[in-house]
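Just so you know, all these numbers are worked out from the coordinates, no wet-lab data involved. None of the values given here were measured: they were computed from a predicted structure. With ideal geometry, Cβ positions are generated from the backbone for all residues, glycine too; neighbour counts draw on all protein chains shown.
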C-alpha cells in the first residue's frame, strides 16, 4: 500500500510530463526553424556589410583611377607635350585630395617629367628600381596596374603607405612618339578607414588581398609587419571553414583585389543563440508555472479525497460516534461521494445497532431458556409425581421418571452448547413426554418420528419442549385419550419439526392472535397476546438465529387438532 | 509528507532554472596583468608599453602600466607592491636589471614575465629578450666596413654602468677588440638627444681623432649626428632603434646604420605570455626577438619598410 503512487503524484507528473513534452517538442521545432532563419539572416547581414564596404572601396578607388585616366588621356591627347604647360591644365577629380599622395609622369627610362606635389623628386636611378615602375614598364600600353603596398619615398620627410596605380601611355614630345608611365600614389589610409568603418559581428573584420593573395590591408598589419602573427595564418583565414569562423570573399570592382571578411561562427549564430536563450528561459518559466499549477491543481483535487480518507479513518476508529460524518461540500462529485458514504455509514450504524440488539436478545433468550430448563415448578411437580409413584409401589415407573429427568438435565446442560442435534432434541422431547405422561396419568399418547438423514443436523436446543408443554397444557390435559405427534423431517434445504395434537384446538380468534404474534413478534404484540409465551420465545430465538423467513407457524381447527411447525435451515452450526 | 516532496521537487527545479539562467548570464572575468617598466619615456620603453597595450586590447586583458614618477615620489621598488594592491594577477617586468626593483618583484608572489633583461624569480613564466649578443656583433659588423685597426670609437650608453653580463656591449667590445678598434670612452646619455649631443661635442673637442660613435638609443644617435654635423665632422655613426629624425639621418647618410630592436614585440609577447600563464597554458622559457640592421640601402626594401614604417 505504501509503495503505490498517490493521485497527487500521478496528476502532477502527468500534467508536468505532458506539458513539458509538448513545450520541448514545439520549442525544439520552432527553435530549429528559427535558428536556420537567424543564421541565414546573420550571414546575409555580414554579406550585406561586406558588399557595402566593397562598394565604398570601389567608389574610392574609382575616383583615383578616374584621376589617373584623365591625366593619362590628357597626356595622350596633347599634340606636343610640354610639362610646364600641361601642369596648368592637369585634371584631377575633386575629392581626391586626401586619396592621392602623389602624381608622377615619367618617361620609359624612369626620368620624372612632371610630378605633383611639386618638389624635389627622387632621381631616375632610384625610380627604376621600384616595383611599381618595373611592373608598369612590363605592362601593355593602356593597362592599369596596381602595385603592392609600399612606403612612398619620393619626397623628403614624407613616408606614407601607398599603392601605386600606373598606366603606360603613348605621347608625343617634340614631334617624336614616346612611351611614358603615369603613376598615382593612392594613400592606403582612406582604404583602411573604410575597412575599419565596419565590423563584422563582434570579432569579425574585413581585409583586402590582391590577386596573388598578398595583403593590401589587414587590421593587424603592424603585428604582421613585426612578425608577431604570421602571414600564413591570415591567408589560412582566407579559406578556412573550420566551424568556428567563416571567410566571406567579394571582388572589389575596378581592381584585381578582393575584400575578404573573416567572421566568427559565434557572430553568425549570435541572434539564434540569443533566441535560443530566450526560448529556453520561456520554456523554463512555463515549466515552473506548469509545475506550480499542477501541484496546486492536484492539491485541489486530492485535498477532498484526503479529507475523506481522514474522516474514514476517524469513522474507523469511532464507528459508533454519530457526530462523525463527511462534510458534503466542494466539488459536486465529492459532495455526492460524501453523501453516499454518509448514507452508507448511517445504514452500517443501524445494522450495527440491530446486531447488538440481536445479540443482546439472544443472550437474554439463552438465559430464559436456561431458566426454563431449571423451572422450579417443573422440577417440583416432577419430584412430587415421582414420590407419588413410589408411594403407590410403581418402582419401575419411578425409576424411568428419574432416568428421564436425569437425561433431561444432561441434555439441557450439554456442556454449555447452545445447539443439540435433531436426534438429541427428539430425545429431549421423549424424556419430557415420559415425565409428563406419568404426571398426567397417561391420559394421552405420543408418537415421535424422525428422518434418519437429519439426525445429526444441529438445531437450537429445547425448542420442542415449550410446544409440547403448550399442547399438553392447553390441548390435551382436559381431554383424555388424545395423541400427540412429534416429528422431525427434511423439507428441501430445511428441517421441519411438527408438534401436532388432536385435542381441543384453538378458538379462531385466539388462533388469529397467535398467528399475528408469530408473524410480528415485536414486544408490543407480545404484551397484547394472552397466548403462548413459550411459542413466542421459541419463534424469536429461531428468527434471531436464522432470520425472519424461518420460525414457527401454527394451524388449528377448533375441537379437532392443532399443529405447530418449526422451520429451520439445514446448515452446520 | 508527499506535499513536502512536491514542494521540494519544485524548489529544486526552480533552483536549477535559476542556476541555468545565472550560468547563461554570467560573463567571463577579465584577467588583470601589470606592466612594470623602468622608464616610461624613450623610444624603447614607449614601444614596449605600446606593444603590451596592443596585446592587452587584442586578448581582452586588463593591463595597467606602472613606471617610476619622480614628481609623485613613486620609486622603482614601490611598483610591484602597487600592482599587487591593485589586484594584478601576473606581472610583466621590463627592467634594466635594477637590484631594488628585482628585490621588490621577488616579494610579489605572482607569475612573472621578464622583458628585455633576465630576472631570477620564483614564479618566472617566461623571459623575452632582444638578441643582444647578435646586436652587438651587428654593430661591430656595421663598423667594420668603415673603420680600420687603430680607429677610435665613442660609446653613448643607455645605462649608467657597463656590466659584462650585458651581452650587447660585451660582444661589441669583443669584436672591436679583435678588429683593433679602440673604445675611446663610454658615456651615459640615456635616451636623451641633448645629452648625446653635448657628450659628442665634448668628446670631439677632446679627441678630434675620433672616428666613430656608437649610440645605444635613437635620440642619442640623432644627437651624435647633429654634433658631428655641427662640427662638420665625417663620423661613422651607428645607432639603435628608429625614430623619424633618425630615418632622415639614415637617408642622408649622416648615420651609417641603426640596429632596430623589436621592443613593440617584446611588450606584446610579454602580455600574451602572462595572459597565457593565467589561462594555464605552458609557456616557452626564453623567447629571443631579432633586431634588424637598417641602412640607407635597405631602408625602402619591403622587409625593412615593415619594421621602420609600421602600420598604425
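Suppose R0 equals 60 Å. What FRET efficiency, 1/(1 + (r/R0)^6) with r the Cβ-Cβ distance, do residue A:375 and residue A:5 give to the nearest 0.05?
That gives a FRET efficiency of 0.35.
Tell me, rounded to the nearest percent, the portion of alpha carbon pairs in region A:374-569 spaced more than 20 Å apart. List each step's numbers first, then the result.
Working: 10869 of 19110 pairs.
Above the 20 Å cut-off, region A:374-569 has 57 percent of its Cα pairs.
Where does each of A:293-304, B:235-246, A:56-67 land if you order them by average Cβ count within 10 Å, highest first?
Final packing ranking: B:235-246, A:56-67, A:293-304.
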Open item on the list: Checking the a/c ratio against 1.5 first, then a/b against b/c, what shape does the Cα gyration tensor give for region B:132-260?
Closed with: rounded
Task: Inter-label distance, nm, simple model (7 Å from Cα along the C-beta direction), residue A:98/residue A:198 - done: 1.9
- [ ] Write down, largest first, the equivalent ellipsoid semi-axes of the protein assembly as shown in whole Å, where each equals the square root of 5 times an eigenvalue of the alpha-carbon gyration tensor.
- [x] 137, 36, 18
TODO: Evaluate Rg over Rh across chain B, taking Cα atoms for both radii and Kirkwood's formula for Rh.
DONE: 1.17
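Just the number, please: percent antiparallel of the DSSP beta bridges in region A:374-569, rounded to the nearest 5.
About 80 percent, rounded to the nearest 5.
What is the gain in length, in nm to one decimal, between residue A:278 and residue A:453 on full extension, counting 0.36 nm per residue of separation less the C-alpha to C-alpha distance?
Full extension from residue A:278 to residue A:453 adds 53.9 nm.
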Task: Shielding by other protein chains, A:147-159, mean Cβ within 10 Å - done: 3
Open item on the list: Below 8 Å, C-alpha to C-alpha, sequence gap of six or more: please give me the relative contact order for chain A in percent.
Closed with: 10
Task: Inter-site label distance for residue B:252 and residue B:297 at 7 Å from Cα along Cβ, in nm - done: 2.3
TODO: Compare B:198, B:173, B:58 in a GNM of chain B, Cα atoms joined below 10 Å, and give the one with the largest fluctuation.
DONE: B:58
Task: Theoretical gain in end-to-end length, residue A:301 to residue A:170 [0.36 nm per residue, Cα-Cα removed] - done: 37.2 nm
TODO: Would you mind ranking A:517, A:365 so that the residue whose beta carbon has the fewest other beta carbons within 10 Å leads the list?
DONE: A:365, A:517
TODO: At 0.36 nm per residue, minus the direct Cα-Cα distance, what do residue A:78 and residue A:443 gain on full extension? Give it in nm, one decimal, please.
DONE: 113.2 nm
Open item on the list: Per residue, how big is the convex hull of region A:318-358 when only Cα atoms are used? Give it in Å³.
Closed with: 48
Task: Simple label model, 7 Å out from Cα along Cβ direction - residue B:177 to residue A:312, nm - done: 10.9
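Any idea what the relative contact order of region B:134-275 is, in percent, if you count C-alpha pairs under 8 Å spaced at least 6 apart?
23
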Open item on the list: Below 8 Å, C-alpha to C-alpha, sequence gap of six or more: please give me the relative contact order for chain B in percent.
Closed with: 19
- [ ] Report the FRET efficiency, 1/(1 + (r/R0)^6), for residue A:289 and residue B:82, where r is their Cβ-Cβ distance and R0 is 51 Å, rounded to 0.05.
- [x] 0.45
Open item on the list: For peptide A:217-228, what's the mean number of Cβ atoms from other chains within 10 Å of each residue's Cβ?
Closed with: 6
TODO: Could you sort B:66-75, A:536-545, B:143-152 so that the peptide with the highest average Cβ count within 10 Å comes first and the rest follow in order?
DONE: A:536-545, B:143-152, B:66-75
Task: Average partner coverage of A:290-297, which counts Cβ from other chains inside 10 Å - done: 2
